[in-house]
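The values are calculated or read from the model by the stated rules, or taken from the named source; none is laboratory data. Quick caveat: nothing in here was measured; it's all calculated off a predicted structure. Heads up, the Cβs are rebuilt from the backbone with ideal geometry, glycines too, and the neighbour counts pull from every protein chain shown. These area figures cover heavy atoms from the full protein model, side chains too; ligands, DNA and RNA do not enter into them. Shrake-Rupley method; radii C 1.70, N 1.55, O 1.52, S 1.80 Å.
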Amino acid sequence: MAPDFLSHSEAPIALEQWQEIDNMVIDVVRRQLVGRRLLHLFGPLGAGVQSITLDHFESAGPGTLDLLGEADGQPIQSVSRQVLQLPLIYRDFVLNWRDLEASRKLDMPLDLSAAAAAASSCARAEDELIFLGYRNKAQYISYPGLLTVEGRLRLQHTDWESPGGVFNDVIRATENLASGGFYAPYAMVASPKLYAKIHRYVGGSGVMEIDNIRQIVTQGVYFSSVIPENQILIASTGVQNADLAIGQDFKTAYLGAQNMNHPFRVFESVVLRIKRPGSVCVIEGA
């Protein structure tokens, strides 16, 4: 049975229609979300959880080698801790009462385009939070993103117009990450325009540039419209570097009748936890 805060029992739709809405929302966000493909998911913790701790760790050196296990070694432990609030990401949509009545009386399917659009808006907001971060001075909240976090590795890009240019920059990025102790697997996210550009053949090899990149970036090469055209993100994936803390994963709630129509809300509560900012490399233009 759905939790009371979703008000499922109060909505003028059948259980099967709720299932259709839930399936639609989950299908849309799964196809659209990109940031989650790079990150370990921590949770869900529960809809009522409003905050979570974030521990920051220094870059780890090699482990201790000793025959008897008696040599002093430096333990890995948190060097600082902060408390993060889990913000809500949401978008409302409305089902017209006449559409609901026609569906009930005439056994017509419901048009769930509005629910799909609300889910798409929420998915974009989550990716913006993950990659770009969020800041609201009025509410005194600030969340860094993977592209903006202080302490990230930054490299100037070279020639992206020539075939093989992006690949060479990806090699530089992974070399720098590995030198800093942040190892494979790596993931890459680019803008749609740049992602399309690397689907080109390199010289007379018959091999596309993206195929060469995938040999190095084995966790996946993705694109997202929230990534600026002059930037590429390369991340050393792993729960020790960053994760996505989820309070309530995507759900749809009924908000109560208004002017005979029926508003609903697609929502989630989530926050990005970047534990080691040096695990992120941003290749950027001037």
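Checking each residue in segment 54-105 for being open to solvent by less than 80 Å² (accessible area, probe 1.4 Å), hydroxyl-bearing (Ser, Thr, Tyr) and part of a loop (DSSP other than H, G, I, E, B) picks out SER59, SER78. A single entry from ALA118, ALA47, ALA125 fulfils the requirement of being in contact with a strand residue (DSSP E or B) (Cβ under 8 Å, 6 or more places away or on another chain), of a type outside the set (Lys, Arg), open to solvent by less than 50 Å² (accessible area, probe 1.4 Å) and assigned to a loop (DSSP other than H, G, I, E, B): ALA47. Looking across segment 9-35, the residues that are in contact (Cβ under 8 Å) with a residue 24 or more places away in the chain, open to solvent by 40 Å² or more (accessible area, probe 1.4 Å) and closer than 19 Å to LEU244 by Cα come down to ILE26, GLN32.
The condition of being more than 30 Å from LEU100 (Cβ to Cβ) and surrounded by fewer than 16 Cβ atoms within 10 Å (Cβ to Cβ) holds for only one of SER225, SER236, that being SER225.
ILE213: outside any loop (DSSP other than H, G, I, E, B), within 30 Å of VAL79 (Cα to Cα) and open to solvent by less than 10 Å² (accessible area, probe 1.4 Å), yes or no? In short, no.
Report, by residue number, each residue of segment 152-167 that is part of a helix (DSSP H, G or I) and open to solvent by less than 20 Å² (accessible area, probe 1.4 Å). Result: GLY165, VAL166.
Being part of a strand (DSSP E or B), in contact with a Phe, Trp or Tyr (Cβ under 7 Å, 6 or more places away or on another chain), over 21 Å from SER51 (Cβ atoms) and aliphatic (A, V, I, L, M) is a description that applies to VAL266. The set of residues in segment 128-151 being assigned to a helix (DSSP H, G or I) and buried (at least 18 other Cβ atoms within 10 Å of the Cβ) consists of LEU129, ILE130, PHE131.
Taken as a whole, the condition of being closer than 30 Å to PRO263 by Cα, touching a residue at least 12 places away in the same chain (Cβ under 8 Å) and charged (D, E, K, R) applies to GLU128.
Checked against the criterion of being aliphatic (A, V, I, L, M), more than 15 Å from the chain's Cα centre (by Cα) and more than 25 Å from GLN156 (Cβ to Cβ), the candidates VAL270, VAL266 yield just one match: VAL266.
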